[in-house]
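For reference, the structure discussed in these notes is given below.
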Amino acid sequence: MVSNELKLRERVKELKCLYEISRLAWEGNNDPAVILSKTLEILPPAMQHPKLAEVCIRVGTTQYASRQFSKVKTKIECKLSFDKTQFGILIVGYRQPTNSTRKKLFLPEENHLLETVARELSLVIQRAAVEKEKQELQIQLQHAERLSFVGELTAGIAHELNEPLGRILGFAQLIKKSGQLDAQQSEDLERIIKASLFSREIIKKLMIFSRQMPQQLVRSNLNKIITEILYFIDVRFQSRGIQIQTRLDPSLPDFLADEVQMSQVIVNLITNSIHAMPQGGDILLQTKSKKSSVSLIVQDTGVGMSGEVKRKIFEPFFTTKPVGQGTGLGLSVVQGIVDAHHGKIKLESNPGKGTRVEIEFPVITKKK
């Protein structure tokens with residue numbers, strides 16, 4: 001009779017445990033961290049010796065464990081798997097089994113319970129992974145559609161502006177060559193030419209962003225491109241208290257690149273660093289050679305970026321500069337050029353601690 005009562009009591013605990021886990025899976029909003037953490041509290045009361053029971057759930061490299069799990073002496077475990085692929089493990093154990101409980105610590109029903117819980121958790125984790133992947137794909141699709149629309153729009157704008165802008169610039173340069181101007185007229189004309197050249201640079205960025213300018217890949221050396229750019233960098237930056245230093249790897253191998261686009265990348269990164277240091281500072285241009293890639297590093301001692309800005313910094317037309325002082329195309333153009341060269345870009349920045357951008361490009365592999 002006692003044995004039947006014990007079995008009934010244990011069965012009630014098991015059913016309550018399964019109900020709680022099922023309810024948790026339903027209410028947990030597909031958040032594995034919440035569900036697995038709560039499971040640590042739900043399982044021990046279902047065991048034969050709940051006051052001694054501890055639980056541990058490992059999923060990949062992440063572990064969820066009850067407070068005294070490290071003291072467990074005896075345990076049973078069950079795999080977490082989906083489609084015959086194991087991705088974790090569920091463990092239930094006792095800390096200090098007494099002599100009276102040592103012989104039969106775990107009932108057959110408890111082994112069965114653990115298997116049922118493991119199956120339920122496996123489904124929950126897999127469902128959460130599928131949902132996360134679905135959300136990521138939706139975000140990527142939205143981003144791709146947005147870029148496609150913006151690309152088509154910018155390409156159309158660039159083409160429409162190029163012709164009249166070319167005429168303005170051409171006629172302004174012809175008038176300048178005539179030489180029949182007073183000082184004020186010459187100054188005004190120079191402003192027109194500078195504004196036209198600035199506008200043409202914006203159009204060039206738009207064309208690169210919308211991939212309307214074909215690449216001309218040639219064997220290139222990153223050190224050489226940097227040296228040539230620094231030769232033309234305006235000396236007025238030095239008067240702002242900005243020092244540009246270089247640390248170029250002399251053994252840097254060549255890589256395939258469009259040198260015009262590569263110059264655009266370096267100039268944009270330097271320009272961003274300069275704008276981030278209104279009170280002056282240091283910019284470091286560094287190159288490194290790795291096994292199968294070359295790296296460009298641009299590091300500054302500027303104001304840095306918040307987490308929110310970092311998340312948006314590569315989006316087209318996003319800028320932190322005041323209205324009229326930035327197009328928001330600089331880093332989106334950089335991203336587009338890096339992607340087109342099959343490179344990788346990594347940005348590290350914290351408010352008040354400057355910004356570090358590292359870009360890796362694959363090197364030319366030697367033919368055997």
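When Met47, Met262, Met277 are sorted by how many other C-beta atoms sit within 10 angstrom of their C-beta, beginning with the fewest, the order is Met277, Met262, Met47.
Please tell me which of these pairs span more than 31 angstrom C-alpha to C-alpha: Lys224/Lys344; Lys38/Lys312; Lys71/Lys346; Lys132/Lys291; Lys176/Lys312; Lys290/Lys353? Checking Cα-Cα distances, Lys38/Lys312; Lys71/Lys346; Lys132/Lys291; Lys176/Lys312 exceed 31 Å.
So if we plug the beta-carbon distance of Val130 and Thr246 into 1/(1 + (r/R0)^6) with R0 = 41 Å, what FRET efficiency do we get, rounded to 0.05?
On the way: r = 49 Å, r/R0 = 1.19.
Plugging the Cβ-Cβ distance into 1/(1 + (r/R0)^6) gives 0.25.
Among Tyr94, Tyr64, sorting on how many other beta-carbon atoms sit within 10 Å of each Cβ, with the fewest leading, yields Tyr64, Tyr94. Summarising the label geometry, the points placed 7 Å from Cα in the beta-carbon direction at Ser292 and Val309 lie 3.6 nm from one another. Ranked by the mean number of other Cβ atoms within 10 Å of their residues, highest first, the peptides 216-223, 164-171 fall in the order 216-223, 164-171.
Computed from the Cβ-Cβ distance with R0 of 41 Å, the FRET efficiency linking Thr61 to Leu217 stands at 0.55.
Using Cβ counts within 10 Å as a stand-in for footprinting exposure, how do Leu107, Leu8, Leu114 rank, fewest first?
Values: Leu107 15, Leu8 10, Leu114 21.
By the 10 Å Cβ count, ascending, the order reads Leu8, Leu107, Leu114.
Rounded to the nearest 0.05, the FRET efficiency derived from the C-beta distance between Asp282 and Leu256 at R0 = 25 Å is 0.20. Estimated at 0.36 nm per residue, the fully extended path between Glu358 and Gln142 surpasses their Cα-Cα distance by 75.1 nm.
All of the numbers you see were taken from the coordinates with simple rules; none came from a lab. Since this is a predicted model, take the numbers as computed values, not measurements. Every residue, glycine among them, receives a Cβ derived from its backbone with ideal geometry; neighbour counts consider all protein chains shown.
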